Every structure is written in C-alpha cells, then in structure tokens.
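The values are calculated or read from the model by the stated rules, or taken from the named source; none is laboratory data. This one's a predicted model, so the numbers in the text were calculated from it and none came from an experiment. Backbone-built Cβ (ideal geometry, glycine too); neighbour counts: all protein chains shown. Side chains included, ligands, DNA and RNA excluded: accessible areas come from the protein's heavy atoms. Shrake-Rupley method; radii C 1.70, N 1.55, O 1.52, S 1.80 Å.
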Amino acid sequence: MAGSQYKREPQFLDIEGSSYDEDSFPTCIAWSLPDGQIKNVLVMPDEDWNPQDSNLPDETLQHLYDHGVSGIDIIREMNDDLDGKPVYIDGIDYDAELLEKLCDTFNEEPTFELTPITSLITNKKFEEIMDSKNLIIQDNNLDTKHAEHNVLSLLILARENQLL
C-alpha cells in the first residue's frame with residue numbers, strides 16, 4: 001500500500017521533581033512518542049542527589065528505590081525515542097534543570113532539544129496556552145502532579161490547535 005496514514009505527533013516531555021528547591025532531583029519522567037503513546041518512568045534516586053535530605057516522605061523515597069529505573073537507562077531510552085527532535089515542554093516546571101541534573105549525574109548529553117510550547121503553538125500567548133491546558137486538565141480529570149497527565153494534556157492541546 002503506497003503512502004501511510006501514520007501522522008507524526010509533536011513530542012512532549014514532563015519531569016516531576018522531589019521539590020521546587022534548587023536541591024530538587026527528578027522523581028518521574030514522562031514523554032510522548034511520535035504515535036502519541038506516552039512513556040512514564042519513575043527515577044531511582046542517585047546518592048549524589050542526597051535523597052535522604054529531601055522532603056520526600058520515607059515511603060515515597062522507598063517506592064522510588066523499589067520501582068525506579070536507573071538514570072543512565074532513562075537517558076538512553078529518551079535519547080533513543082527523542083533523538084534529533086524538538087521536544088516540547090510547557091515551561092512552568094523545572095524540566096530543563098531536572099533534565100540537566102539527570103544528565104550531568106551520569107555524564108551524558110540529551111540528543112534532543114527541549115523547546116518551549118510557544119514555539120509550537122505560535123498563534124497564542126503563553127498565558128492563553130496555559131489557560132487552555134488547565135481547562136484540558138480540568139475537563140479530563142487529570143492530575144498535574146503526574147508527569148504522564150501533563151504530557152497527555154499537551155498532546156490534547158496540540159490536537160485541539162490542529163497541529164497534528
């Protein structure tokens with residue numbers, strides 16, 4: 001069959017951190033694939049991040065140790081999935097700083113570029129984009145504390161803005 005019905009979607013990323021302090025470290029990362037699927041992974045804390053000094057409850061920290069994936073494995077998987085592509089972030093969190101901390105810890109470089117959502121949705125101001133995203137979150141009962149929900153809301157936002 002000539003041609004493909006496959007439509008490549010923009011790719012998005014969101015990183016949840018242990019806090020909003022400068023000592024914060026990544027705890028969960030979600031990113032979307034070109035077909036719109038979302039990968040979501042817990043991050044095993046690295047000892048260099050002094051997780052024992054974080055404000056995370058002991059049971060949350062233990063959950064990250066028990067179910068988290070090594071940072072180096074996450075970086076490699078993200079690089080495989082996102083290589084050479086612009087990856088859009090909403091810019092309201094510390095995504096860039098948390099990604100940098102993750103990569104610096106393992107002496108790796110991302111092979112993709114974090115790009116603000118405003119370079120994808122160019123016909124609206126940042127505040128309008130965030131208002132639309134917040135409505136999507138509310139309408140779909142999403143929780144902004146979950147990285148995969150933030151990525152999903154950005155995918156829906158792109159679809160609603162007919163960017164797909």
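Quick notes on this structure:
- Placing pseudo-labels 7 Å out from each Cα toward the beta carbon at Asn79 and Asn55 gives an inter-label distance of 3.3 nm.
- By the rule of a C-alpha distance below 14 Å, with chain neighbours fewer than 8 residues away ignored, the aspartates and glutamates paired with Lys125 are Asp90.
- Assigned charges on the beta-carbon of Lys, Arg, Asp, Glu; the chain dipole about Cα centre (debye): 1080 debye
- The residues of the chain expose on average 56 square angstrom of accessible surface per residue, using a 1.4 Å probe on protein heavy atoms.
- Net charge of the neighbourhood of Ile121, taken over other residues with C-beta under 11 Å away and scored Lys/Arg +1, Asp/Glu -1, is 0.
- Relative packing of peptides 19-25, 129-135 - highest average C-beta neighbours within 10 Å first: 129-135, 19-25
- Summed side-chain charge close to Glu148 - residues other than Glu148 whose Cβ falls under 12 Å, Lys, Arg +1, Asp, Glu -1: -1
- Surrounding net charge for Asp66, when Lys and Arg each add one and Asp and Glu each subtract one, Cβ distance under 14 Å: -2
- Solvent-accessible area of the range 93-150 (1.4 angstrom probe, protein heavy atoms only): carbon and sulfur portion equals 44 percent.
- Given charges at Cβ of Lys, Arg, Asp, Glu: the range 16-61 dipole, positive-most of Cys28, Pro45, Leu61: Cys28
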